[in-house]
Amino acid sequence: MRPASDDIAVFLQWEAVLLDERRFDEWLDLLAEDVWYWIPLVPEQRNPLDGPSHVYDTRDALLARVYRLKDPQNLPQQPPSRCCRIMGRPFHVATETDAKHGADTVVRTPFQLIESLPHHDAEESNRQFAGTITYGLSTGGNALRIRWRRVDLINSHKGLHGVSILI
Amino acid sequence: MQYTPEAIASLVTDTQFDPRVYGDEELFRLEMGRIFDRAWLLVGHESLIRKPGSFIATRAGSHPILVWRDMQGVVRAFLNRCAHRGTKLCSQDRGTAASLVCPYHGWVFAADGALKSVPAPEEYGNGFRFDDWGLAPVAALALYRGFIFVRHKTEGPSLDSFLGDIRSSIDDLVDRAPDGEVEACQIPLRHRYKGNWKLGFENLNDAHHARVAHAATVRAATRVTSELGERAKHGSLGVMKANGMPIRQFSQLDLVTSDYGHSYLFGFIDGQKKQAYPQEYVDKLVAARGAHEAERVLGVNRHLTLLYPSATIQGRFQTMRLIHPIGPNLTEIVGYLFRLKGAPDPLYEEALHYFHISISPFSPVATDDFELYEGAQELNSSSAAGPIVVSRLHDPAAASPRGRTVHRGTSEAFIRNQYATWVSYMSRDVR
């Protein structure tokens, strides 16, 4: 297992901070123009068209999710959830998707996300997500960019309650 | 509280019902026995158990069941319970096996339900006969065009008369396949909400709410398309925007109710599209079925069909949802997406996007609905809660609808029809 460079680790840490702090415009700047944002249903899926997923967004659909999150009338986010993402150390992996989709580097990190839900009392308000995020990155040029992003949740095949944040 | 038939009937009037129907434990228990044990319940599709020995473990009402294709190819369904000490026979969600071994004492059951072997059978006594201890089959099982229905009581209407005219919504799905066959995704997409099963049934054909409840999503998708123009082409954007259609347009759609609480709403999602279907798909359907039949098939335009009390079907979007009531305050939805055999990939891709945006717990549309369900569940458990009002587009002069009846798209008639059915099931004791 080959660890990713510090540059990549810090970049992914920064991505998590931007999402935690709901700095969505800055987050969008980390994504390539033709980004995929993918949350498959099961780990065996090889590409986003290989059976149903939870999310398979290209930039246009992802933008709609972001605009909805920023909308004060967004029903399940009044007030917005507060989130804390804990990212592991990223390491290089051979790409397991059928196409690299423009990425020259593929890294994966285990992560945990704790979401404090609105509208719930203290005992049941902290909800956890865990799994891995696999990133297809382009590292050439001036800046790191996310070409695709695949989130494998350890409970993605179970009956989850509604999720209205970005994971 | 004791619910006599009179007490049940008093919970529902033509245009109102008592808020206790959502949260009351005793009513939920009665619903499981009187509705879910009596109605035909959709539990799956043949394509999920294609090979001999293949099975799925699922629920039918309150009962965990195994739907199992035996080695002769016959589809069967049993309580997922060992006939000996009542433990769960199979913990896998799906698989293929000619027989299953109970993990407790090793009783072995064949795919046709027969008890095949028992370790040290002599210990069970001289009178022990294997024939007496097979798996408990469901009382009735029937298929309609590959869709598997079960019922827990022997007596009741045939599946044909239970479905009535609404079977045409299953036809609508299967007929769309150029090869005449549909195939369900093997692993379903699930979500849960903290609310009663009926809340979902009262929402999915409610065209009036879409523009209000999903306003933020409509705004978001509209903004993306105005900013990106032609580059905004993701399949979900049109679905999100369609929710913003003016109420008067929704009201011009047809809403059809029928016996046993079923209903369907005409389609609206394709409304703004230049061409509803990829040309390649239309060509394949015409080649397979002829121009006339292809035109008829694609001319059917239904958004969603509610098969009361267990499922929804969408031909246009190739989906099936199974509704699993877990408790009065908790419901699981199990979503299956179908491939139309012989149809080209772009059609499947479009259906995938629709599936994600309507059935995933991450859906930017459905998450609005969950929020509403959960709020309703909480507030209707209050003893101060007044009645639920479902009077929209009710005509007090009209007789209560029988058989296939057409209403305006924004009518609450489908909910009134569900509660008339509810009272009819609930006020009769289970035989």
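The values are calculated or read from the model by the stated rules, or taken from the named source; none is laboratory data. None of the values given here were measured: they were computed from a predicted structure. Backbone-built Cβ (ideal geometry, glycine too); neighbour counts: all protein chains shown.
One line per residue, one yes/no per condition, for (1) away from chain A (no Cβ under 14 Å); (2) among the hydroxyl-bearing types (Ser, Thr, Tyr):
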{"position": "B:ILE357", "(1), (2)": "no, no"}
{"position": "B:PRO361", "(1), (2)": "no, no"}
{"position": "B:GLY375", "(1), (2)": "no, no"}
{"position": "B:ALA384", "(1), (2)": "yes, no"}
{"position": "B:ARG392", "(1), (2)": "yes, no"}
{"position": "B:ASP395", "(1), (2)": "yes, no"}
{"position": "B:ARG402", "(1), (2)": "yes, no"}
{"position": "B:THR410", "(1), (2)": "yes, yes"}
{"position": "B:SER424", "(1), (2)": "yes, yes"}
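For region A:31-40, does any single residue satisfy the condition of being out of contact with any strand residue (DSSP E or B) (no Cβ under 8 Å at 6 or more places or on another chain), more than 30 Å from B:VAL212 (Cα to Cα) and touching a residue at least 40 places away in the same chain (Cβ under 8 Å)?
Here is the first cut: in region A:31-40, the ones out of contact with any strand residue (DSSP E or B) (no Cβ under 8 Å at 6 or more places or on another chain) are A:33.
From what's left, more than 30 Å from B:VAL212 (Cα to Cα): A:33.
Those still in the list that are touching a residue at least 40 places away in the same chain (Cβ under 8 Å) too: none.
Checking region A:31-40: not a single residue is out of contact with any strand residue (DSSP E or B) (no Cβ under 8 Å at 6 or more places or on another chain), more than 30 Å from B:VAL212 (Cα to Cα) and touching a residue at least 40 places away in the same chain (Cβ under 8 Å).
If you check B:ASP160 against the conditions, is it under 22 Å from B:VAL67 (Cβ atoms) and not in a helix (DSSP H, G or I)?
Working: under 22 Å from B:VAL67 (Cβ atoms): yes; not in a helix (DSSP H, G or I): no.
Against the criterion (under 22 Å from B:VAL67 (Cβ atoms) and not in a helix (DSSP H, G or I)), B:ASP160 does not qualify.
Restricting attention to region B:188-214, report how many residues are under 18 Å from A:VAL163 (Cα atoms), assigned to a helix (DSSP H, G or I) and within 11 Å of another protein chain (Cβ to nearest Cβ).
1
Going by the structure shown, is B:GLY180 closer than 18 Å to B:ARG81 by Cβ and not in a helix (DSSP H, G or I)? Walk me through it before giving the result.
Values: closer than 18 Å to B:ARG81 by Cβ: no; not in a helix (DSSP H, G or I): yes.
So B:GLY180 does not fit the description; no.
Looking at B:GLN249, is it surrounded by fewer than 16 Cβ atoms within 10 Å (Cβ to Cβ), in a loop (DSSP other than H, G, I, E, B) and assigned by TED's automatic domain parsing to the domain that holds B:THR410? Reasoning before the result, please.
Details: surrounded by fewer than 16 Cβ atoms within 10 Å (Cβ to Cβ): yes; in a loop (DSSP other than H, G, I, E, B): no; assigned by TED's automatic domain parsing to the domain that holds B:THR410: yes.
No, not satisfied.
Evaluate the following for B:ALA221: is it at pLDDT 95 or above, more than 30 Å from B:PRO401 (Cα to Cα), among the aliphatic types (A, V, I, L, M) and surrounded by fewer than 21 Cβ atoms within 10 Å (Cβ to Cβ)?
In short, no.
Could you list, in sequence order, the residues of region B:23-38 that are within 11 Å of B:PRO309 (Cα to Cα) and among the basic types (Lys, Arg)?
Taking region B:23-38 first, the residues within 11 Å of B:PRO309 (Cα to Cα) are B:31-32, B:35-38.
B:ARG38 - this is the single residue of region B:23-38 that is within 11 Å of B:PRO309 (Cα to Cα) and among the basic types (Lys, Arg).
How many residues does region B:334-346 hold that are within 12 Å of another protein chain (Cβ to nearest Cβ) and within 19 Å of B:ILE170 (Cβ to Cβ)? Spell out the reasoning first.
Of all residues in region B:334-346, those within 12 Å of another protein chain (Cβ to nearest Cβ) come to B:334-339, B:345-346.
When the remaining residues are screened for being within 19 Å of B:ILE170 (Cβ to Cβ), the result is B:334-339.
Adding up the residues that qualify gives 6.
Quick check: is even one residue across region B:270-287 under 30 Å from B:ASP160 (Cα atoms) and either among the small types (Gly, Ala, Ser) or at pLDDT below 95 (or both)? Before the answer, list the steps.
Our first condition is that a residue be under 30 Å from B:ASP160 (Cα atoms); within region B:270-287, this holds for B:285-286.
Next, only the ones that are either among the small types (Gly, Ala, Ser) or at pLDDT below 95 (or both) stay: none.
Within region B:270-287, not a single residue is under 30 Å from B:ASP160 (Cα atoms) and either among the small types (Gly, Ala, Ser) or at pLDDT below 95 (or both).
Could you list, in sequence order, the residues of region A:39-58 that are more than 7 Å from chain B (Cβ to nearest Cβ) and either surrounded by fewer than 21 Cβ atoms within 10 Å (Cβ to Cβ) or farther than 25 Å from B:ALA221 by Cβ (or both)?
Result: A:PRO43, A:GLU44, A:GLN45, A:ARG46, A:ASN47, A:ASP50.
I'm told A:ARG22 meets every condition in (1) closer than 20 Å to A:ILE154 by Cβ; (2) more than 12 Å from chain B (Cβ to nearest Cβ); (3) outside any helix (DSSP H, G or I) except one. Can you identify the failing condition by its number?
Condition not satisfied by A:ARG22: (1).
Would region B:230-246 turn up any residue that is in a helix (DSSP H, G or I) and away from chain A (no Cβ under 14 Å)?
Step one: list which residues in region B:230-246 are in a helix (DSSP H, G or I), which gives B:230-231, B:235-242.
Then drop every residue that is not away from chain A (no Cβ under 14 Å), which leaves none.
No, because not a single residue in region B:230-246 is in a helix (DSSP H, G or I) and away from chain A (no Cβ under 14 Å).
Of the residues B:MET1, B:MET71, which single one is in contact with a Pro (Cβ under 6 Å, 6 or more places away or on another chain) and surrounded by fewer than 18 Cβ atoms within 10 Å (Cβ to Cβ)? Show your work before the answer.
On the way: B:MET1 fails: in contact with a Pro (Cβ under 6 Å, 6 or more places away or on another chain).
On inspection, the qualifying residue turns out to be B:MET71.
Having 1 or more residues that are aliphatic (A, V, I, L, M) and crowded, with 23+ Cβ neighbours inside 10 Å is the bar; report the strands (runs of 3 or more DSSP E) wholly within region B:317-431 that clear it. Full working, then the answer.
Numbers: elements: B:319-327, B:330-340, B:405-408.
Qualifying strands (runs of 3 or more DSSP E): B:319-327, B:330-340.
Kindly indicate which of B:ASP254, B:ASP179, B:ASP175, B:ASP270 is surrounded by 20 or more Cβ atoms within 10 Å (Cβ to Cβ) and among the charged types (D, E, K, R).
B:ASP175
Tally the residues that are part of a strand (DSSP E or B), under 17 Å from the mean Cα position of the chain (by Cα) and either of a type in the set (S, T, N, Q) or closer than 17 Å to B:ALA140 by Cα (or both), restricting the search to region B:1-56.
5
Need pairs with beta-carbon distance below 7 Å; first residue within 7 Å of chain B (Cβ to nearest Cβ) and within region A:66-77, second in a helix (DSSP H, G or I) and surrounded by fewer than 19 Cβ atoms within 10 Å (Cβ to Cβ); sequence gap 6+ or separate chains.
A:TYR67/B:ARG223; A:GLN73/B:ALA215
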